[in-house]
1. So which lysines can Lys15 reach, going by Cα to Cα under 26 Å and dropping same-chain residues fewer than 8 places off?
2. Determine the relative contact order of region 10-52: mean sequence separation of Cα pairs under 8 Å and six or more apart, normalised by residue count, in whole percent.
Amino acid sequence: MEKTFIDDAFYVEQKRWGTWQSYDKEGNGLLTSLTETQCISATRWYLKKKQEGFDDVQVYEGVVGGKL
């Protein structure tokens with residue numbers, strides 16, 4: 001399968017279960033999204049932030065403390 005590079009930096013492909021995955025030039029997986037447009041947009045943002053150093057990225061944890 002021929003890969004079409006977007007912005008000469010990454011490519012996307014649809015997986016068999018319907019999601020879209022982006023890959024860098026070396027074939028390393030970057031992001032997974034529900035649509036092709038969303039995957040391209042998010043990958044562009046991700047690569048831009050990676051290039052800039054991710055200075056303003058916040059990490060959230062999915063754990064809820066306490067008793068129910």
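1. Lys3, Lys25, Lys48, Lys49, Lys50
2. Taking the mean separation of contacting Cα pairs over the length of region 10-52, I get 29 percent.
Bear in mind that the values in this text are calculations on the coordinates, not laboratory data. All of these numbers come straight from a predicted model, not from anything done at the bench.
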